[in-house]
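Chemist: Provided herewith is a single structure, encoded as structure tokens, for subsequent inquiry.
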Amino acid sequence: MFVELGHFALILACFVALAQAVLPLWGAQRGIVPLMAVARPAAQTQFLLVLAAFLALVQAFVASDFSVSVVAQNSHSLKPLLYKITGVWGNHEGSMVLWVLILTLFGALVATFGGNLPAPLQARVLSIQAMIALGFLVFIVATSNPFLRVVPPPADGNGLNPLLQDPGLAFHPPFLYLGYVGFSIAFSFAVAALIEGRVDAAWARWVRPWTLLAWCALTFGIAMGSWWAYYELGWGGWWYWDPVENASFMPWLAGTALLHSAIVVEKRDALKIWTVLLAIIAFSFSLVGTFLVRSGVLTSVHAFANDPARGVFILLLLTIAIGGSFILFAIRAPVLKDSGLFAPLSREGGLLLNNLFLSVAAGVVFFGTLFPLFASAFGYAVSVGPPFFNLVFGLLMTPFLCLLPLGPLLAWKRADLLGAAQRVWVAGLVAGVAVILLLYVTNGSAVAAVFGLGLAAWLIVGAFADLAERIKLFRAPLANSWGRLRIVPRATLGMTLAHGGLGVVVAGIVAVSAWRAEDILVMRPGQTTDISGYSVRFEGVHPAEGPNYSAERGEFVVSRNGEDVVRLHPEKRFYPVQQQSTTESAIHTTGFGDLYVVLGDDQGGGARAVRIYHNPLAPWLWIGAVIMVAGGLISLTDRRYRVGLPGRRRPPAPAPAAAGTTA
Amino acid sequence: MAQQRRCARVTLILGWLLLATIVVSPAGPGAAVEPNEMLADPALEDRAREISRELRCVVCQNESIDESNADLAHDLRVLVRERLVAGDSDDQVVQYIVDRYGDFVLLRPPLKPQTYILWASPAILLLAAGTIILLYLRRHRRTAAPAPLTAEEQARVDALLKADAEP
């Protein structure tokens, strides 16, 4: 019965979305207040209806109701409860419901907390939000209905792909979707602004917290996916430039650019057209990503042909949403006029340069990802893989990262480069000393990597240069500095952390790429091998039983300088329901490096193929990402960016250069 | 089992996302290079690994033969090592494989007329975006500097300032 109620709620949500898409917009255009007032309750109702549908689906999975087709295909009665729940979005239909749930959640949040938005703007934003929701709700009901029954129901389900039965991947999709879909708010605000023909500081102040929230979720989601790939795929790789990864990386790059350009709109009333365009592009990338993944057009032509209805439907949605917004942009953008003027060398100029690099990077990833598709249309089969992306991306990002610490130190309007440089000399010194020391230690064997680490040091120390300056660190008593730290705007603290976190990530990337050690060998029980200062002794394999799998569990003793450090238990698991096996690596981490052990195939006589890796600074990849997210969240708590509660007490423009330097 | 685990890695990456579209793909994590494939000569083996990382497992998704667990990847890894032992240079080994599988096998697209646009794309994008920014900045600088005062206006300003200074 719950299933039918869920089905009904979903269809009802379509009609609410239709009303919400049409009435408030009409009202806003004609100045009819009661019609505009429809938007808020409609957005809330729509969210509740989709939530009801989602919960009905969760209930069907938890109760193992195999009369529901999706449950029968993707669940199994013996699966642990956690994976029954996460299995809801471990399939196409369920994941689309989650997508729309998050979309309507954002709409409801704008409706609930956006009470101080001007009524016409709120009505228009919610209207656009509802149009997107309507498209996807119709898509679900028409082509991907999760509530279809099977008669007669099977005795048990097919189970979930064992690879998805992992905590890292179970929660990766919701965060990724929070990010993807979160950009829809920026998109709706951009389209509403184009319709109104007005973009001002207040507009930017409303858009930024939503973008920041989406960015945090997307950053976390991507990091989580990368972490999962690292420990699950069995050889310690963490980024593959796979089309599906790129699909999440493109909105991230565009969203990061948007986050920065919106600052200029808010503080200086400039770059309006560009910011609106970025908001449209960021969400367009999210939609393209959804399309690429859903249609499978990039990964397998057959997958596309298997279900052309879905691919064509999403392509149609994509054309309407992206095409429509771009046409609107072309017509209305000239209306938006910048009033803030600035010299090329200024904070604005620095942020513009940031946008140049980030958007070109997004463009390169986009073109590289789609190039094989274009080429195949001309009968040329080509692959664009990691070697291409690493090279091109590295060349683009190096100058960007070198300049990054200087940006926040530039003054608005007109800056003094020498003055900014004087404030980061410490960072330059630290980076220089680090490079010289490392060159000496490594004996000049990996010059590029040493400079990479120097760059990371420059980023990390440089990020804190501005903060140290503000709190007069080491120049005033520590208590005094602490007091100053407490009144530093949260947005500034957040920026410092985010930029420093990026430096930590860079250090991780460089070290793992340059100094990873590996040992692939056949080990007999009792045999010992040495790697990066560790001794690893193989003690044999014994069977183990999991809730829905059986495993071979390896026993390894790791020692350092003759003392036992840890016992590692890598596994090979076999899932009888799916007839699939997985490999679970075992990792010993010190925070500065990972010892990574993988159990391979039986080589006869108790001997095993074994892979052992030492990945220096690998944990920094994710520690850095978490620091970046923390920075974003701290920035979000800045009282000027209270989600949905931008202060209207202050006149919207000209905003004081609060986050910054003395002009 | 190992033979069944084909194209494993990408199926994993796509993970839950592609479950619906990739209907059946016998999957298991990639295990890549096996100990018994490796060459005794470490220098030669290092070269083999370098080459392997640049070659695509053509039955897989965006996965190098160094990472892949597919049978074909295994065959190619062995083939690469055979050519190296036979005394081929790195380029000759790669050419040998390309002759049989086409450019598709290269993860780093070769530089040729069909790919000029791809390799030029970063420079083109950078140049285009840079030009737009320069135009924007120039237009703004022009509006930024107001027209200088005429002599008459300057005289008036001076007079007003003077009047202001002498109360």
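Chemist: Normalising by the residue count of chain A, find the relative contact order in percent from Cα pairs under 8 Å and 6+ residues apart. Write out the running numbers ahead of the final one.
Modeler: Values: 1209 pairs, mean separation 88.0, N = 663.
Worked out over chain A, it gives 13 percent.
Chemist: Show me, for the stretch A:72-82, the HN-Hα J-couplings you get by feeding each phi into the Karplus relation (A = 6.51, B = -1.76, C = 1.60, θ = phi - 60°), rounded to Hz, glycine and proline as x.
Modeler: So the J values, rounded to whole Hz, are 4, 7, 10, 9, 8, 5, 8, 5, x, 3, 3.
Chemist: For the stretch A:35-69 and the stretch A:363-398, what is the separation of their C-alpha centers, rounded to whole Å?
Modeler: 40 Å
Chemist: Regarding the protein assembly as shown, what whole-number volume in Å³ per residue does the convex hull of its Cα atoms give? Please list the in-between numbers first.
Modeler: Details: hull volume 169.3 nm³, N = 830.
Cα-based convex hull of the protein assembly as shown, divided per residue, equals 204 Å³.
Chemist: Something else now. Using the Kirkwood radius built from alpha carbon pairs, what does the Stokes-Einstein equation give as D for the stretch A:1-160 at 25 °C and 0.890 mPa s, in µm² per second? Don't skip to the end; give the middle numbers.
Modeler: Numbers: Rh = 16.2 Å.
Estimated via Stokes-Einstein, D reaches 151 µm²/s.
Chemist: So which lysines pass the test for A:Lys337, namely a Cα distance under 26 Å, with those fewer than 8 places away in the same chain ruled out?
Modeler: A:Lys337 reaches A:Lys267, A:Lys272, A:Lys413.
Chemist: Let me ask something else. What is the average number of partner chain Cβ atoms found within 10 Å of a Cβ in B:121-130?
Modeler: On the way: counts 8, 11, 4, 4, 10, 8, 1, 2, 7, 3.
Mean shielding by partner chains, rounded to a whole number: 6.
Chemist: Rounded to the nearest 500 deg cm²/dmol, what is the calculated helix-only ellipticity per residue at 222 nm for the protein assembly as shown, with -39500 (n - 2.57) per DSSP H run of length n ≥ 4?
Modeler: -20000 deg cm²/dmol
Chemist: What's the average, rounded to a whole number, of partner chain beta-carbon atoms within 10 Å of each residue's beta-carbon in A:366-374?
Modeler: Numbers: counts 2, 6, 4, 1, 0, 5, 4, 0, 2.
For this peptide, the per-residue mean of nearby foreign Cβ atoms is 3.
Chemist: Turning to a different aspect of this structure: So what are the stretch A:164-350's ellipsoid semi-axes, whole angstrom, largest first, if each one is the square root of 5 times an eigenvalue of the alpha-carbon gyration tensor? Spell out each step's value before the answer.
Modeler: Working: eigenvalues 213, 89, 32 Å².
In descending order, the three semi-axes are 33, 21, 13 Å.
Chemist: If you don't mind, there's one more thing I want to ask. When you have a sec, figure out the Kirkwood radius of the stretch A:481-624 from all distinct Cα pair distances and drop it here in Å to one decimal? Show your work: numbers first, answer last.
Modeler: Numbers: mean 1/r = 0.0571 Å⁻¹.
Every distinct Cα pair counted, the radius reaches 17.5 Å.
Chemist: Here is a further query. Using a 10 Å cut-off on Cβ to Cβ distances, tally the other chain neighbours for every residue of A:336-344 and report the average as a whole number. Intermediate values should be presented prior to the final figure.
Modeler: Values: counts 0, 0, 4, 0, 1, 5, 4, 4, 7.
Mean partner shielding for this stretch: 3.
Chemist: So how do A:381-387, A:97-103, A:86-92 stack up, highest first, on mean other-Cβ count within 10 Å? Could you put the intermediate results ahead of the total?
Modeler: Numbers: A:381-387: 20.4, A:97-103: 23.7, A:86-92: 26.0.
So the order, starting with the most tightly packed, is A:86-92, A:97-103, A:381-387.
No lab work stands behind these numbers, since they all come straight from the coordinates. Values in this document were obtained by computation on a predicted structure and should not be read as measured data. Cβ coordinates were reconstructed from backbone atoms using ideal geometry, including for glycine residues, and neighbour counts include every protein chain displayed.
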